[in-house]
Amino acid sequence: MSQRVGWTLAGAVPLAFLGVFFAWPVATLIGWGFFPDGQFTLSGFTQVFADDRTWRVIGTTLAQAAAGTITAVLLGVPGAWVLYRTRFPGRWLVRAIVTIPFVLPSVVVGVAFKSLVIATGPLGHLGLDQSFGIIVASLVFFNYALVVRTVGALWASLDPRTEQAASVLGASPTRVFWTITLPALAPAIASAAALVFLFCASAYGVVMVLGGAGYGTIETEIWFLTTQLLDLTGAAALSIVQLVVVGASLILANHLQARQARSQRLRTDSSVESPWHPRRDALPTLLTATVVLGLLVFPMSTLVVRSLTTASGIGLDHYANLLTTLPDAVANSLRTATLATVLALVLGLLVSLVVSRRPRNALGRRGLALLDATFMLPLGVSAVTVGFGFLITLNRPPLDLRSSMILIPIAQAIVALPLVVRVLLPVLRAIDPRLREAAAVLGASPGKVLRDVDLAFLGRGLGLATGFAFATSLGEFGATSFLARPDEQTLPVVVFRLIGRPGLENQGMGMAAAVLLAVGCALVMAVAERMRPEEATTW
Amino acid sequence: MVNDNGALGVHDVVVRYRTSAGDQRHTTPSKRPIITWVPPKRPAPGDVRTVTAVDGVSLDAAPGEVVALLGASGSGKSSLLRAIAGLEPLAGGSITWAGRDLAGTPTHKRNFGMMFQEPALFPSLTVGKNVAYGLHKTPRGRRGEVVDRFLELVGLPGYQERKTTELSGGQAQRVALARALAPVPRLLLLDEPLSALDRGLREHLVEVLGEVLRRTGTTAVHVTHDQDEAFALADRVAIMADGTLLQVDTPRNLWRHPVSGEVATFLGYSTFLSQTDADALGLGHLTADPAVALGPESPVADPNGVQLQVRQQKPRRGYVQVTVLLPSGAKAELRVPEKIGTATVGVRTDADSVAVVS
C-alpha cells in the first residue's frame with residue numbers, strides 16, 4: 001500500500017509541475033484567443049484572419065518549411081549514402097562536422113549566416129541579407145544532419161541481400177535504387193521530413209536574427225504582436241494556429257517513426273559498408289563535399305574569423321570587450337542553465353521511473369502510456385508559446401513570478417524535460433525484469449530493488465541526459481526572449497541584441513558571444529555523448 | 001584440373017575481408033533519439049584485420065550439374081558463392097563461364113540466379129511482382145504467364161496478389177526459388193536456402209528443390225552445412241574447411257573414401273581404428289594409421305561378434321546408447337534396443353558404414 005502511495009506521489013510531483021508551468025499557461029493562452037473579454041467569441045480570430053498580413057505570415061511559414069524540408073531531403077539522402085554506406089579515411093570527422101550544427105543554438109546559426117551576407121561579409125555583394133533564400137539555407141544547415149542520420153541509420157541496417165537479390169536478378173544499380181532501396185528507405189525519409197518540417201515551421205531564433213522587419217513567420221509574428229503591438233488576443237489566436245501546425249507535424253512524425261521502427265526488422269550481422277568506389281560514389285561525394293564545405297563549414301568558419309577580426313587586424317578584442325562589458329551574461333547563462341538542468345533532471349527522473357513500471361492491470365498500463373505522452377507534449381508546443389503563456393499567467397496572483405528570476409530556468413526546464421525523459425526511459429525499459437525479480441527473490445525490499453537495480457542502471461544514462469538538458473537550456477532563445485529582463489540576460493539574448501545594433505564593435509561582440517555559446521554547447525554535447533549508455537541504442 | 005568446356009569454372013580464387021570491430025557502433029541501427037550524434041570510436045590496433053575467407057579454390061560445374069559446397073560455418077563456402085555471383089571482389093584467381101572470364105561482368109549482367117538463407121523478398125512488391133522482377137527481358141505481355149508457371153512449379157499457384165508479409169517462412173522461401181528460376185538463369189547459386197527453416201519443412205523443401213532442379217536441368221552450386229541436404233541434392237560434393245577444398249567427389253565415393261580424417265569426421269565418422277582394433281574386429285591389415293573409420297551406423301550389436309567391454313549406457317529416445325572399449329583403449333558407440341545386463345557385448349562392424357580413409 002505504502003508502495004502505491006510512493007509511486008503516485010512520484011508521478012504527481014512532475015505532473016503538478018507540468019500542470020502549473022505548462023498546461024495552465026497554454027490553456028490560458030488558448031482561453032485568451034476564444035474568450036478575450038470573458039465571453040466566447042471568435043472575434044479575435046476573425047480580426048486576425050481578416051488581416052492580409054496574417055495570411056502572408058502563414059504562407060511564408062509554410063513556404064519556408066516546405067523549401068527547407070525538400071532541400072534538406074534532396075541533399076541529405078546522397079549524404080546518408082556517402083557517410084553510412086561507403087568507407088573512406090576521415091569519415092568520422094565528416095560525420096562529426098555534419099552533426100555539429102544540430103547541437104548549436106538557433107541564435108548562433110542565425111548569426112553565422114548573418115555574418116556571411118551582411119554588407120561586409122564574404123557574400124555581401126549578393127544582397128541576400130534578410131532574404132527567403134538565406135533563411136532556407138540556414139534551416140537546411142540545421143536539419144541536414146537529421147536527414148543524414150535518420151536515413152543513414154536505416155540504410156546501414158537494410159538487409160543487403162534484398163538489393164543483392166535484385167542485382168543477381170539482372171537489375172542495374174539505378175533500377176535497384178529506385179525499385180528496392182528507395183521504397184525501403186521511404187519510412188525513414190518520410191519521418192525525417194516530418195520532423196524537419198516541424199523544426200522549420202517553428203524556427204524562431206534563426207528567423208529573428210536573419211529575417212528583419214519585412215520577414216515574418218507565425219512564431220516571429222506572435223513575438224511582434226505581443227511585444228511591439230501589445231495585441232495579446234491576436235497573438236493568442238496565432239499561437240493556436242501554430243499549435244495546430246506543430247501538433248499535426250508532430251503526430252505525423254511520431255506515426256512515421258513508429259512505422260520505421262517496425263520496418264527495421266530487416267537486419268543483418270554482415271557489414272554493408274563498402275570501400276569508396278570512384279565510379280559509383282563520385283557524384284554523391286561531390287554533392288556531399290559541396291554541402292559540408294559550402295553550407296556547413298563556410299558559415300561556421302566565417303563566424304569564427306569575423307569574431308576575431310578587429311578594426312586593427314586579428315585579435316581577441318571582442319572577447320575581452322564582451323567579458324568586461326557584459327560579465328553578468330555569461331555567469332547568468334551558466335547559472336540559469338544549471339538550475340534548469342537540475343529541475344529537468346529531477347522531474348525527468350521521477351517521470352521515467354514512474355513510466356517504466358509495469359503494472360499488472362490494463363488501466364494502470366493505459367494510465368502510464370498517457371503519462372508518457374503527456375510529458376512529450378512540450379516538444380510539440382513551440383518555445384515562444386511557452387514564453388508567451390508564462391507572460392500572461394505567471395505575472396499576477398496566485399502565482400506572481402514575473403519579478404523572480406526562477407521563471408527562465410523553469411521555462412527552459414519545460415523545454416528540456418521531454419529530451420531527458422527520452423534518454424532515461426529507454427535505459428530503464430532495457431532492464432531485464434528478471435533482474436528485479438532475482439533481487440526480490442534474494443530478499444531485497446522494493447526500495448532496495450529500486451536502488452540496486454533501477455538507479456544503478458540509470459546512472460549510465462544520467463550523463464547524456466545532463467548534457468542534453470544543459471546544452472538545450474544554455475542555447476534556449478524562444479521562451480527566454482520573452483522572459484529575460486534587461487538586468488538578467490542570457491547569452492543567446494545578448495547575441496541577438498548585439499547583432500541587431502549597428503557598429504563593428506557590437507557586431508564583433510555579438511559574434512564573439514555566439515562563438516562562446518557554440519563552443520560551450522558543442523563541448524557539453526561531445527562530453528555527454530561519451531557517456532552514452534549502450535542501452536540507449538539497443539533497446 | 002579445371003576443365004573449361006563446362007559451364008562454371010573457378011580458378012585459384014582468393015577472397016579477403018576487412019573486418020573492423022571498431023565500426024560496429026556506427027553500423028548498428030538504433031532507436032536512439034535523433035537529436036544526438038555518436039562520436040567516433042577509433043578502432044584499436046588489431047580491431048581492423050584482414051581475413052582470408054577463400055584461399056585458392058578451384059572448382060568446376062558441368063551444364064546441368066548440381067555441386068554442393070559442404071562445410072562448417074566460417075569455412076568460406078558462402079564467400080566463394082558470393083564471389084561467383086560477383087558480390088565479393090576477388091583478391092586472386094578468376095571465375096569463368098564457358099571459358100570466358102567474368103571479371104568485367106557486374107553481378108546484374110551475369111544472368112545467374114541466387115537464393116539466400118533468408119528469402120530476401122522485396123517487401124514493397126507483391127508475390128507476383130517479386131517473381132516478375134528478373135523478367136525485364138521478357139516481353140511485358142508474357143510475364144504474367146511465366147510468373148504463373150513458376151509459382152505453380154514451387155507449389156504456390158494463385159499467390160500472385162499476396163503480400164510478402166502474408167507468407168510463412170517456407171512459402172516465402174518457395175517464392176524466392178520461383179523468383180530465382182523465372183528468368184531461367186544459366187547458373188543457380190543456393191546459399192543455405194533451407195537452413196533457417198524447421199526440420200520437417202526443410203526435408204519437404206529439399207524434395208521440392210531437387211525435383212525443380214532436375215526438371216529444369218539447372219546448373220547449380222549449393223552451399224550448405226547439412227550433410228544430408230548435400231547428399232540428397234548434389235551430383236558432386238565439395239568439402240570445404242578454412243577457405244580451401246579438402247575433397248570433391250560424388251556422394252558415394254566421398255562416403256566410402258574420404259581423403260582424410262578431417263573429411264571423415266565432418267561426414268559423421270566418429271571412431272578411427274588402430275591396427276589392434278582392426279584385427280580384433282576382423283577388418284584385416286591396415287595400410288596407414290588410422291585408416292579405417294567407423295560411421296554413425298557402425299558398429300552394431302551382434303551376439304556372434306567380438307566381445308567388447310561395456311563402459312557406459314545412456315538411455316535415449318527409443319534406444320540405449322552403449323559406449324564400448326576397443327582393445328586399444330579407444331571408445332566406440334553403438335545402439336541397442338534395451339539396457340545390457342552383462343559386462344560385455346558382442347559387436348560387429350557393418351561394411352556399408354566403414355570408410356577406408358585413403
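The values are calculated or read from the model by the stated rules, or taken from the named source; none is laboratory data. Note that this is a predicted model, so its numbers are computed, not measured. Quick reminder, even Gly has a Cβ in these numbers, built from the backbone with ideal geometry, and neighbours come from all protein chains shown.
Would you check if there is a residue in the range A:458-466 being more than 14 Å from every other protein chain (Cβ to nearest Cβ) and among the charged types (D, E, K, R)?
Taking the range A:458-466 and keeping what is more than 14 Å from every other protein chain (Cβ to nearest Cβ), we get A:458-459, A:462.
Still in the list and also among the charged types (D, E, K, R): none.
The answer is no; no qualifying residue exists.
For residue A:142, the conditions (1) closer than 24 Å to residue B:82 by Cβ; (2) more than 9 Å from chain B (Cβ to nearest Cβ); (3) not aliphatic (A, V, I, L, M) are fulfilled apart from (1).
Look through the range A:295-313, keep the residues that are among the polar types (S, T, N, Q) and part of a helix (DSSP H, G or I), and return whichever of them is modelled with the lowest pLDDT.
Here is the first cut: in the range A:295-313, the ones among the polar types (S, T, N, Q) are A:301-302, A:307, A:309-310, A:312.
Narrowing further to those that are part of a helix (DSSP H, G or I): A:301-302, A:307.
Details: A:301: 89, A:302: 89, A:307: 86.
By that ranking, first place goes to A:307.
The residue that is farthest from the other protein chains (Cβ to nearest Cβ), among those in the range A:154-174 that are charged (D, E, K, R) and in contact (Cβ under 8 Å) with a residue 60 or more places away in the chain, is A:159.
Please verify whether the range A:470-479 includes one or more residues that are acidic (Asp, Glu) and surrounded by 15 or more Cβ atoms within 10 Å (Cβ to Cβ). Yes, that holds for at least one residue.
The residue list B:151, B:167, B:181, B:177 contains one member that is touching a Ser or Thr at 6+ places or on another chain (Cβ under 7 Å), of a type outside the set (D, E, K, R) and under 29 Å from residue A:182 (Cβ atoms), which is B:181. Here the condition is being aromatic (Phe, Trp, Tyr) and either facing chain B (nearest Cβ under 9 Å) or over 28 Å from residue B:102 (Cβ atoms) (or both); of A:113, A:177, it holds for A:113 alone. Residue B:89 fulfils the conditions (1) at pLDDT below 90; (2) away from chain A (no Cβ under 14 Å) except for a single criterion, (2).
Restricted to helices (runs of 4 or more DSSP H) entirely inside the range B:41-155, those with at least 3 residues that are farther than 29 Å from residue B:230 by Cβ are B:127-132, B:140-153. For the range A:269-286, a residue qualifies if it is crowded, with 16+ Cβ neighbours inside 10 Å and either hydroxyl-bearing (Ser, Thr, Tyr) or at pLDDT 85 or above (or both), and the qualifying residues are A:271, A:284, A:285. Looking only at the range A:242-253, decide whether some residue is surrounded by fewer than 24 Cβ atoms within 10 Å (Cβ to Cβ), outside any helix (DSSP H, G or I) and touching a helix residue (DSSP H, G or I) at 6+ places or on another chain (Cβ under 7 Å). Checked against the condition, which is being surrounded by fewer than 24 Cβ atoms within 10 Å (Cβ to Cβ), outside any helix (DSSP H, G or I) and touching a helix residue (DSSP H, G or I) at 6+ places or on another chain (Cβ under 7 Å), the range A:242-253 yields no hits at all. Among the conditions (1) buried (at least 20 other Cβ atoms within 10 Å of the Cβ); (2) of a type in the set (Ser, Thr, Tyr); (3) in a loop (DSSP other than H, G, I, E, B), the only one that residue A:220 does not satisfy is (3). Being in contact with a Gly (Cβ under 7 Å, 6 or more places away or on another chain) and under 24 Å from residue A:67 (Cα atoms): is that true of residue A:151 here? Judged against the criteria, residue A:151 is a match. Evaluating residue A:514 against the criteria (1) in contact with a helix residue (DSSP H, G or I) (Cβ under 6 Å, 6 or more places away or on another chain); (2) surrounded by fewer than 23 Cβ atoms within 10 Å (Cβ to Cβ); (3) modelled with pLDDT of 85 or more leaves one unmet condition, (2). For the range A:453-462, the count of residues that are surrounded by 24 or more Cβ atoms within 10 Å (Cβ to Cβ), farther than 18 Å from residue A:208 by Cβ and more than 15 Å from the chain's Cα centre (by Cα) is at least one.
In the condition set (1) at pLDDT 80 or above; (2) surrounded by fewer than 14 Cβ atoms within 10 Å (Cβ to Cβ); (3) among the small types (Gly, Ala, Ser), residue B:305 is compliant with all but (2).
A single entry from A:190, A:184, A:194, A:201 fulfils the requirement of being at the interface with another protein chain (Cβ under 8 Å from one of its Cβ atoms) and of a type outside the set (Ser, Thr, Tyr): A:184.
Quick check on residue B:353: is it closer than 24 Å to residue B:232 by Cβ, under 24 Å from the mean Cα position of the chain (by Cα) and either surrounded by 13 or more Cβ atoms within 10 Å (Cβ to Cβ) or at pLDDT below 80 (or both)? So residue B:353 passes the test.
Given the structure, is residue B:224 buried (at least 20 other Cβ atoms within 10 Å of the Cβ) and under 24 Å from residue B:102 (Cβ atoms)? Steps first, answer last, please.
Values: buried (at least 20 other Cβ atoms within 10 Å of the Cβ): yes; under 24 Å from residue B:102 (Cβ atoms): yes.
So residue B:224 passes the test.
Taking the range A:314-363 as the range and being assigned to a helix (DSSP H, G or I), under 25 Å from residue A:428 (Cα atoms) and not hydrophobic (A, V, I, L, M, F, W, C) as the test, the residues that pass are A:338, A:341, A:348, A:352.
Do any helices (runs of 4 or more DSSP H) lying entirely in the range A:418-521 carry at least 2 residues that are touching a residue at least 12 places away in the same chain (Cβ under 8 Å) and over 23 Å from residue A:385 (Cβ atoms), and which ones are they?
Details: elements: A:433-441, A:446-449, A:456-475, A:478-483, A:491-500.
In the range A:418-521, the matching helices (runs of 4 or more DSSP H) lie at A:433-441, A:446-449, A:456-475, A:491-500.
Which of the residues belonging to the range B:154-183 are farther than 25 Å from residue B:77 by Cβ and either of a type outside the set (S, T, N, Q) or in contact (Cβ under 8 Å) with a residue 60 or more places away in the chain (or both)? Within the range B:154-183, B:155, B:156, B:157, B:158, B:159, B:161, B:162, B:163, B:166, B:167, B:182 meet the criteria.
Residues considered: A:70, A:97. Of these, the only one that is free of Cβ contacts under 8 Å to residues at least 12 places away in the same chain, aliphatic (A, V, I, L, M) and within 30 Å of residue A:521 (Cβ to Cβ) is A:70. Every condition in (1) surrounded by fewer than 17 Cβ atoms within 10 Å (Cβ to Cβ); (2) in contact with a Pro (Cβ under 9 Å, 6 or more places away or on another chain); (3) without any contact (Cβ under 8 Å) to a residue 12 or more places away in the chain holds for residue B:104 except the one numbered (2). Is at least one residue of the range A:487-504 closer than 17 Å to residue A:337 by Cβ and either within 14 Å of another protein chain (Cβ to nearest Cβ) or among the hydroxyl-bearing types (Ser, Thr, Tyr) (or both)? For the range A:487-504, residues closer than 17 Å to residue A:337 by Cβ and either within 14 Å of another protein chain (Cβ to nearest Cβ) or among the hydroxyl-bearing types (Ser, Thr, Tyr) (or both): present. Within the range A:152-204, the set of residues being surrounded by fewer than 21 Cβ atoms within 10 Å (Cβ to Cβ) and not in a helix (DSSP H, G or I) comprises A:159, A:172. For residue A:130, the conditions (1) on the phi > 0 side of the Ramachandran plot; (2) within 14 Å of chain B (Cβ to nearest Cβ) all hold with the exception of (2).
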